[in-house]
Amino acid sequence: MPVAGLRPGTPDQPADLVIRNAKVHTNDPGRPRATALAVRDGLISAVGDDADVVPLVGPDTRVVDALGRRAVPGLNDSHLHVIRGGLNYVLELRWDGVPTLRQALAMLRTQAERTPPGQWVRVVGGWSADQFAERRLPTLDELNAAAPDTPVFVLHLYQSALLNRAALRAAGFTRDTPDPVGGQIVRGHDGEPTGLLIAAPGALLLYSTLAKAPALDEADRAGSTRHFLRELNRFGLTSAIDAAGGFQSFPENYGTVMELARQGQLTLRIAYHLFPQTAGQELDDLTRWVSTVRPGDGDAWLRLNGAGENLTWAAADFENFTEPRPHLGGYETEFEKAVRLLMENGWGFRLHATYDETIRRDLAVFEKLAAEGLFPHGNRWLFDHAETVSPDSLDRIAALGGAVSVQNRLSFQGEAFVNRYGAPAAAEAPPLRAMLNRGLTVAAGTDATRVSSYNPWVALHWLVSGRAVSGRRLAAEHNRLSREQALELYTLGGARLTGEEDVKGRLTVGSYADLTILSADYFTVPEPDIPHIESVLTVVGGRIVHGTQEHQGLAPDLPAVTPSWSPVTRFGGYHATPAPGLAGSHQAERVAEAAAASEEQRAWREARGLALPGQGAAPLDPCFF
Ligand SMILES: [Zn+2]
């Protein structure tokens with residue numbers, strides 16, 4: 001049938017994909033709204049309405065009816081440990097989004113029963129005691145009862161890890177094991193380790209314990225990474241900037257993602273950073289890297305973006321807000337050498353810094369190099385986190401052309417932050433409005449997977465509402481962002497950190513065809529519903545990489561998760577829950593509506609002789625005939 005009286009012709013440049021009947025938010029001030037767009041060769045070839053895209057529909061064009069849903073540019077998490085997350089995804093039981101500790105422990109018990117001997121149950125971040133109705137951590141007794149024989153390791157933020165008795169045995173902790181520097185093995189009256197490990201304030205003890213659990217073989221690492229990227233696509237993510245991290249060595253731990261890129265199997269664009277792993281050897285590593293690889297190496301799917309988020313270990317201020325701020329020693333000499341080396345070799349960097357005390361010291365080093373004409377020397381650079389950065393430091397960052405990448409770590413650690421520093425400090429942590437008022441480039445993200453969850457809608461909710469997962473409002477009124485601003489930080493913000501703002505983060509002609517159609521309208525849903533948004537269709541470079549509900553079956557299936565005992569095969573990733581606060585009848589109504597919508601779409605497709613959901617899409621939407 002014709003649409004608005006128009007029929008497709010035989011265009012010279014037919015679109016590969018057309019999306020119509022959408023409420024498109026483009027991020028483009030020149031054309032903020034549209035209802036249709038066309039894609040050719042991975043790029044957007046038209047933005048407008050049906051009249052603009054119909055002439056581009058040819059016999060092989062796939063046409064997707066968005067059923068009036070909201071479409072936005074693909075999300076870009078500017079600080080995600082995506083490479084490490086991918087290598088471990090299928091090994092981890094995720095408590096992300098689980099509403100009660102009771103449910104979390106039931107999952108743990110089930111997973112312990114289905115985990116083979118020699119393997120561990122690992123819950124590695126992405127959750128907080130604040131999210132549970134019970135508002136507490138599990139006890140060690142509860143872990144031992146849930147898993148009498150299977151080692152269990154539960155990481156809570158950067159604060160602590162809980163090990164059951166079997167894990168203490170497997171990790172080899174005894175009364176004679178000394179506390180490492182910056183870490184505490186808590187002991188009972190008998191001198192034996194209880195199972196509680198504390199970051200005091202460094203998290204190395206926690207991570208080195210986790211590293212004692214078996215890793216995956218290469219085939220499973222590749223599968224794990226592919227499933228993790230699809231899990232991110234589930235929420236509308238199309239890009240991420242990897243912040244490297246502890247136990248992520250270059251080049252060893254980058255091999256899996258590089259091979260997937262070579263095979264064209266990435267479903268998320270990744271810009272990555274290189275992070276020296278060994279204290280005392282940082283300059284050796286950086287010197288080797290600047291002479292062997294270059295920022296920009298790679299392509300639009302996988303590209304080196306510089307050094308960081310650590311340059312030297314001694315300059316890193318761990319953010320355990322239940323402990324006092326760490327007092328760093330004199331790190332400037334080595335740090336200055338590292339920054340000088342990077343600047344002279346055309347390497348930008350990102351730098352982890354939580355507290356203004358650290359940021360001021362870093363800035364003094366940068367200003368010294370700037371006085372020599374060496375900083376930033378045409379290189380992109382940014383601070384990561386910056387929860388307590390002061391107005392004065394923001395002025396200095398702006399003067400040096402720096403950017404800031406912020407994460408919703410206080411969604412998960414807000415209670416601890418308030419307890420230590422007070423509500424007025426939390427109201428400005430981080431000072432988003434002050435950053436934006438100075439014209440700084442600000443990008444948003446999560447710091448997943450070991451601290452925050454990777455769910456971008458939890459982070460967007462925090463930017464908009466200022467609330468932690470506990471429900472407590474942290475941010476001052478002036479420090480909350482509009483939904484448009486928050487989305488801009490989550491799309492264009494990240495693109496600016498990789499120098500891709502001309503092709504990414506906006507839905508304009510010539511941009512990458514990276515976009516998502518949402519399960520609910522981000523701009524109009526009640527604020528408490530924002531964390532429950534998911535994508536129903538995610539497109540990266542014109543390829544459909546995720547489809548659900550009425551778009552079920554449009555994305556190619558991945559090979560099954562291996563190993564078969566993986567928690568992901570039983571529980572998936574982020575826990576899907578109905579929005580809280582909805583009355584039972586309202587909630588039932590929503591479910592019925594959603595079911596009706598997908599039933600309607602199914603019937604509509606069936607009536608037109610199209611493949612059933614799950615059997616792939618029709619190449620051409622018959623609406624155009
Ligand atoms: Zn960091």
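The values are calculated or read from the model by the stated rules, or taken from the named source; none is laboratory data. All of these numbers come straight from a predicted model, not from anything done at the bench. Quick reminder, even Gly has a Cβ in these numbers, built from the backbone with ideal geometry, and neighbours come from all protein chains shown. Please note that ligands, DNA and RNA were not included when accessible areas were found on the heavy atoms of the full protein model with its side chains. Shrake-Rupley method; radii C 1.70, N 1.55, O 1.52, S 1.80 Å.
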### Task
Could you please give the count of residues in region 78-88 that are more than 16 Å from the ligand (Cβ to nearest atom), open to solvent by 10 Å² or more (accessible area, probe 1.4 Å) and either closer than 23 Å to Val539 by Cα or of a type outside the set (S, T, N, Q) (or both)?
1
### In region 144-192, the residues that are closer than 19 Å to Asn88 by Cα and in a loop (DSSP other than H, G, I, E, B)
Thr150, Pro151, Leu157, Tyr158
### Message
Can you list residue pairs whose Cβ atoms sit under 6 Å apart, with the first residue in region 314-328 being modelled with pLDDT of 90 or more and the second being outside any loop (DSSP other than H, G, I, E, B) and within 12 Å of the ligand (Cβ to nearest atom)? Count only pairs 6 or more apart in sequence or on different chains.
### Response
Ala316/His352; Asp317/Thr358
### Summary
Of (1) open to solvent by less than 60 Å² (accessible area, probe 1.4 Å); (2) away from the ligand (no atom under 15 Å from the Cβ); (3) at pLDDT below 95, Val339 fails just (3)
### Query
Only one residue in Arg409, Arg420, Arg450 is modelled with pLDDT under 95 and of a type in the set (Lys, Arg), so which one is that?
Arg450
### Task
Take Leu497 and decide whether it is out of contact with any helix residue (DSSP H, G or I) (no Cβ under 6 Å at 6 or more places or on another chain), open to solvent by less than 40 Å² (accessible area, probe 1.4 Å) and either within 16 Å of the ligand (Cβ to nearest atom) or closer than 26 Å to Ala34 by Cβ (or both).
yes
### Message
Yes or no: region 187-206 includes at least one residue that is touching a Phe, Trp or Tyr at 6+ places or on another chain (Cβ under 6 Å) and modelled with pLDDT of 95 or more.
### Response
yes
### Query
Which one is farthest from Ser452 (Cα to Cα) among residues in region 229-255 that are within 16 Å of the ligand (Cβ to nearest atom) and either without any contact (Cβ under 8 Å) to a residue 40 or more places away in the chain or open to solvent by 10 Å² or more (accessible area, probe 1.4 Å) (or both)?
Phe247
### Query
surrounded by fewer than 20 Cβ atoms within 10 Å (Cβ to Cβ) and either of a type in the set (S, T, N, Q) or within 24 Å of the chain's Cα centre (by Cα) (or both): does that describe Ala386?
no
### Check on Glu319, within 21 Å of Ala244 (Cα to Cα) and acidic (Asp, Glu)
yes
### Summary
Residues of region 156-193 being at positive phi and open to solvent by 30 Å² or more (accessible area, probe 1.4 Å), in sequence order, are Gly172
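Residues checked against (1) in contact (Cβ under 8 Å) with a residue 12 or more places away in the chain; (2) assigned to a strand (DSSP E or B):
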position	(1), (2)
Pro29	no, no
Leu37	yes, yes
Ala46	yes, yes
Asp52	yes, no
Pro55	yes, no
Asp60	yes, no
Val63	yes, yes
Val72	yes, yes
### Query
Which of the residues belonging to region 265-311 are more than 24 Å from the chain's Cα centre (by Cα) and not aliphatic (A, V, I, L, M)?
Thr278, Gly280, Gln281, Glu282, Asp284, Asp285, Thr287, Arg288, Trp289, Ser291, Thr292, Arg294
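Among the residues of region 62-77, is any within 16 Å of the ligand (Cβ to nearest atom) and of a type outside the set (A, V, I, L, M, F, W, C)?
Scanning region 62-77, I find at least one residue that is within 16 Å of the ligand (Cβ to nearest atom) and of a type outside the set (A, V, I, L, M, F, W, C), so the answer is yes.
Any chance you could count how many residues in region 351-376 are over 25 Å from Ser78 (Cα atoms) and either open to solvent by 10 Å² or more (accessible area, probe 1.4 Å) or hydroxyl-bearing (Ser, Thr, Tyr) (or both)?
Residues meeting the conditions: 8.
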### Query
Out of all the residues in region 292-306, which are under 18 Å from Val257 (Cα atoms) and either within 16 Å of the ligand (Cβ to nearest atom) or part of a helix (DSSP H, G or I) (or both)?
Asn305, Gly306
### Query
In region 406-428, which residues are hydrophobic (A, V, I, L, M, F, W, C) and open to solvent by 10 Å² or more (accessible area, probe 1.4 Å)?
Ala416, Val418, Ala423, Ala425, Ala427
## Note on the structure
Quick count over region 62-95, residues being more than 13 Å from the chain's Cα centre (by Cα), basic (Lys, Arg) and over 20 Å from Ile544 (Cβ atoms), is 1
### Task
Give the residues of region 20-35 that are among the aliphatic types (A, V, I, L, M) and within 19 Å of Val503 (Cα to Cα), sorted by residue number.
Val24, Ala34
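This table checks each residue for (1) more than 21 Å from Ala38 (Cβ to Cβ); (2) surrounded by 23 or more Cβ atoms within 10 Å (Cβ to Cβ).
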position	(1), (2)
Thr449	yes, yes
His461	yes, yes
Ala475	yes, yes
His478	yes, no
Glu488	yes, no
Gly505	no, yes
Gly541	no, no
### Task
Of all residues in region 256-279, count the ones that are at pLDDT 95 or above and loosely packed, with under 14 Cβ neighbours inside 10 Å.
3
### Message
Of everything in region 308-325, what is surrounded by 17 or more Cβ atoms within 10 Å (Cβ to Cβ), at negative phi, of a type outside the set (A, V, I, L, M) and part of a loop (DSSP other than H, G, I, E, B)? Give them in sequence order.
### Response
Glu309, Asn310, Thr312, Asp317, Phe318, Glu319, Asn320, Phe321, Thr322, Glu323, Arg325
### Task
Scan region 194-212 for residues that are at negative phi, open to solvent by less than 10 Å² (accessible area, probe 1.4 Å) and either away from the ligand (no atom under 16 Å from the Cβ) or part of a helix (DSSP H, G or I) (or both) and jot them down.
Leu197, Leu206, Thr209
### Query
What are the residues in region 89-137 that are in a loop (DSSP other than H, G, I, E, B), open to solvent by 30 Å² or more (accessible area, probe 1.4 Å) and either within 15 Å of Leu210 (Cβ to Cβ) or of a type outside the set (Val, Ile, Thr) (or both), if any?
Pro99, Arg114, Pro116, Pro117, Gly118, Gln119, Ala133, Glu134, Arg135, Arg136, Leu137
### Message
For region 432-541, give me every one of the helices (runs of 4 or more DSSP H) that falls completely inside it and has 3 or more residues that are more than 20 Å from the chain's Cα centre (by Cα).
### Response
432-437
